[in-house]
Amino acid sequence: MNIEDIRKNFPVTKNLIYLDNAAVAPVHSLTKKYMDEYMEHFLNFGLKDYAKWVDMMDLTREKLAKFINAKVYEIAFVKNTSAGLSIIANGIDFKQGENIIIPDIEFPSNVYPWLNLQRKGVETKFLKADKNGFLDYKNLEELIDKNTRLISISWIEFVNGFKNDLKAISQIIKNKSNEFDKKIYFCVDGIQGLGALKFDINDYDIDFIVADGHKWLLTIEGAGFMYCSEKVLDNVHPVSVGWKTVKDALNFTKINFDIRQGADKFEEGSMNVAGITSIAASMDLFAQYGMDFVEERVLGLSAYAINLFEEKGFNVVSCKEDKHRSGIVSFTTPDVEEDFLKLVSNNVQLSKRGANLRISPHFYNTKEEISKLAEILT
């Protein structure tokens, strides 16, 4: 596919070398087109023919389900990753004395919803990463005990881009569930992988996956989704409820607290139609190019960056093994602070995470852009 044609969808490329998709990604032209249509409708017609937007949201839910190969009723729209994880944390009937396990390198979205359960006497246990920021699953296996109820982990760790082996982790959890004769839930923060790498929910034994769309999924902020496996839907109670929680939601004058059975029971009220419109745009963009192509581009660019940075003498702190590599490449230079400011002043958009510089090229980026970054630093 012609990269220049792809880049026409991303006007940001005319202004910046944008290598910060793991922070907040730019939106694309299709998003503007879809959202302009939405704004024009409400500007000129308000609520008239609102069924059009209901149909759009239903279709977007179907597209999301297809995107991860899930069932439509397993998908709920959420405003962000924190909201989705909080739905899970507060919706499961955790008991005093139980524990939850998370790595000690997680983004706060996957920390605070679990720490908030301390008020119920639920302990959060931290799986320690090694000195490189990588995880050893043998340590996870040893940390799980008879009181463990849930493991929550990022598919891709945000600081160094370490891609966790979800298949290996799900097998460990399954084995431990059998050993202790109890259900141990597996929850995944998918925000740093979905939209960059291929994902099929049926490849793993995962109960939940949550992601906001404003990173690799290329949506506006405040628009995301949550997958809740049909196997555990009945185990998660919608703590936040409203008029849309029930089956007969449009019958406003008849009160009947008959809760929906699908994941849409977690959508308690009026929806972020604009945000869902932007999700629809991204689903159509990814469908146009195909996730095989997108993943090939992303991993190709991260491999190129790793090799180039090492040639230039930078210290690459991201894992170089293919099975643990993602779209995030973190590295250090002799003066991270000064080099970060130098890059930003030269219109290179990237992040500084801890003591590292972090780039996160998407499929619209090029090797030439990464080479330009290295040139500025040398």
Inside the stretch 154-206, the number of residues satisfying the requirement of being among the aromatic types (Phe, Trp, Tyr), under 21 Å from GLY91 (Cβ atoms) and out of contact with any helix residue (DSSP H, G or I) (no Cβ under 7 Å at 6 or more places or on another chain) is 1
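Take residues that are in contact with a helix residue (DSSP H, G or I) (Cβ under 6 Å, 6 or more places away or on another chain) and not charged (D, E, K, R) and tell me which of the helices (runs of 4 or more DSSP H) falling wholly in the stretch 1-116 contain 3 or more.
29-44, 51-68, 81-91
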Matching entry among ILE173, ILE220 (being outside any loop (DSSP other than H, G, I, E, B) and touching a residue at least 24 places away in the same chain (Cβ under 8 Å)) | ILE173
Among (1) surrounded by 11 or more Cβ atoms within 10 Å (Cβ to Cβ); (2) under 16 Å from GLU74 (Cβ atoms), ASP234 falls short only on (1)
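So is SER326 farther than 30 Å from PRO238 by Cβ and among the small types (Gly, Ala, Ser) or not?
yes
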Could you say which residue among ILE191, ILE153, ILE173 is of a type in the set (Val, Ile, Thr) and farther than 13 Å from ASN110 by Cβ?
-> ILE173
With (1) in contact with a strand residue (DSSP E or B) (Cβ under 7 Å, 6 or more places away or on another chain); (2) free of Cβ contacts under 8 Å to residues at least 60 places away in the same chain; (3) part of a helix (DSSP H, G or I) as the list, and ASP264 as the residue in question, which single condition is left unmet?
-> (2)
Condition met for LEU166 (aliphatic (A, V, I, L, M), surrounded by fewer than 17 Cβ atoms within 10 Å (Cβ to Cβ) and in contact (Cβ under 8 Å) with a residue 40 or more places away in the chain) | no
Quick one: how many residues across the stretch 126-147 are surrounded by 12 or more Cβ atoms within 10 Å (Cβ to Cβ) and closer than 15 Å to ILE169 by Cβ?
-> 11
Could you tell me whether any residue of the stretch 155-163 is among the polar types (S, T, N, Q), more than 25 Å from LYS71 (Cβ to Cβ), in contact (Cβ under 8 Å) with a residue 40 or more places away in the chain and buried (at least 22 other Cβ atoms within 10 Å of the Cβ)?
-> yes
Just a yes or no: is a residue in the stretch 303-319 surrounded by 19 or more Cβ atoms within 10 Å (Cβ to Cβ) and under 16 Å from ASN21 (Cβ atoms)?
-> yes
Okay, strands (runs of 3 or more DSSP E) sitting entirely in the stretch 327-378 with 1 or more residues that are crowded, with 22+ Cβ neighbours inside 10 Å, I get 329-332, 356-359
For the stretch 85-100, pairs from a residue that is among the aromatic types (Phe, Trp, Tyr) to a residue that is assigned to a loop (DSSP other than H, G, I, E, B) and at pLDDT 95 or above, with Cβ under 7 Å and 6 or more apart or across chains, are PHE94/VAL122
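The values are calculated or read from the model by the stated rules, or taken from the named source; none is laboratory data. It should be emphasised that the depicted structure is a prediction, and the values quoted were computed from it without experimental measurement. Note that we place each Cβ from the backbone using ideal geometry, even for glycine, and neighbour counts take in every protein chain shown.
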